[in-house]
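Structure first, commentary second.
Just so it is clear, none of the values below were taken in a lab; they were calculated from the coordinates. Bear in mind the structure is a predicted one, so any value in this text is a computation, not a measurement. Every residue, glycine among them, receives a Cβ derived from its backbone with ideal geometry; neighbour counts consider all protein chains shown.
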Amino acid sequence: MPEFNWRSPASYLDLQDVETPDIAWECLRHNVDYQRDYDAMIASRPDRQVTPEFRRKWGICFRP
């Protein structure tokens, strides 16, 4: 894995074209609390679909 120096402006050059929702999604999907809630919600639903309540809780919107 390449070394990432968060203090170096050059380290962020590759992120110039990344959109904010993409960065937010990366942060969210690594969140342990989100992972736990997602796994529990999916396991409890026969259709394995994300509920509107879950979306509101985590502030997410899934693109069609």
Given Gln16, Val32, Asn5, which one lies farthest toward the positive end of the charge dipole of the chain, if we put +1 on the Cβ of every Lys and Arg and -1 on the Cβ of every Asp and Glu? Val32
Looking only at trypsin sites (Lys or Arg not before Pro) in DSSP loops with at most 10 other Cβ atoms within 10 Å, what is the longest site-free stretch of the chain? 8-47
Evaluate the chain: find the radius of gyration of its Cα atoms, find its Kirkwood radius, and give the ratio Rg to Rh. 1.11
